[in-house]
Structure formats: C-alpha cells, structure tokens
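The values are calculated or read from the model by the stated rules, or taken from the named source; none is laboratory data. Treat the numbers as computed from the prediction; the structure is a model and nothing was measured. Quick reminder, even Gly has a Cβ in these numbers, built from the backbone with ideal geometry, and neighbours come from all protein chains shown. For accessibility, only protein heavy atoms count, side chains too; no ligands or nucleic acids. Shrake-Rupley method; radii C 1.70, N 1.55, O 1.52, S 1.80 Å.
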Amino acid sequence: MSRPPFPPFDETTTAQKVQAAEDAWNTRDPEKVALAYTEDSVWRNRDQHVVGREAIVRFLTQKWERELDYALRKELWAFHGNRIAVRFQYESHDAAGQWYRSYGNELWEFTEDGLMRRREASINDVPITEAERRIFGPRPEEERGVGFPVF
C-alpha cells in the first residue's frame, strides 16, 4: 500500500500532504483516516501512546464519540526530507454542549511509500462559547492554502 505524495517532500508535495490529512480527519471516519498510517505506526497524542493501525481506529472512534461536530484546520510549519511539522486548530463540543478550540502542533515522519510511521501531537484545549466559533466544517475550496489566526 502507498499514499502519494512521497518523500522527500518539496513545497508543493508538502502542501498536498497537509491538506490531504486535514481533509481526511474532517471526514471523522476512523477507518479512512487510519489508512494513511503504517500498520505499526506510533503516536504520542497528548498523554497517550497509540501503536498500530487498529489502535488508531479505536482511538479515533473514541475521540469522535467525545468531540462532537469536530472541524479541523492544519497549516504547514516546516518540512525536511520525510518529515513535516504542522500547527492546527480544531473545534468541537462535548455532550453537555460546551465548545472547545484545541490548539496543537504535530510532528510527522513518513516511510518511502508515503505512509506516516510516526505522529507526535501536543494539544491544548480552550473552552469557548458557541458565538466564538470560527471553524465550521471542512475547509471551503477558496480557503485552501490560507493561514488561520493563532487565537
């Protein structure tokens, strides 16, 4: 199995990889998202360690059961060879209706066939009101490649 574009990345292929990741995560489909990772992919997500594609599916299923109406934006930070760094923000609400904006950074490492073998994510959550929301569903075509505010 492979997932183009392939490393070593350049500016164009890196932007494609970041947008593809954003698009996939916005589907909130754990099975679809997990296909971008190696069978033995290793994650650090906040304080959790997840190893393997099956564990990724379980992790994402539980995540999107808690984080309702999840909508994500990713932005390229840096890249070199087979590694990409991104910053991201997403918004979601819990079952009680409290909205959150989550800010984070991810470090990604890819195999030569374009699958991600390592993902390290640091994430902070900030409670927001519904009126403070600014991310509504997947990114519209006209906003692709456009940065987003830090806060």
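Overview of values
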quantity: Prolate/oblate/rounded call for the chain, Cα gyration tensor, a/c under 1.5 rounded; calculated: oblate
quantity: Residue among Asp113, Asp94, Asp47 with the largest mean-square fluctuation in a Gaussian network model of the chain, springs linking Cα atoms under 10 Å; calculated: Asp47
quantity: Peptides 70-76, 26-32 ordered by average Cβ neighbours within 10 Å, highest first; calculated: 70-76, 26-32
quantity: His80-Asn124 FRET efficiency (beta carbon distance; Förster radius 22 Å; 0.05 resolution); calculated: 0.30
quantity: Per residue, in Å², the accessible surface of the chain once ligands and nucleic acids are set aside, probe 1.4 Å; calculated: 55
quantity: Charge sum, other residues only, whose C-beta stays under 12 Å from Val18's C-beta, Lys/Arg counted +1 and Asp/Glu -1; calculated: +1
quantity: Helix axis angle, 53-66 relative to the chain longest principal axis, alpha carbon, degrees; calculated: 10
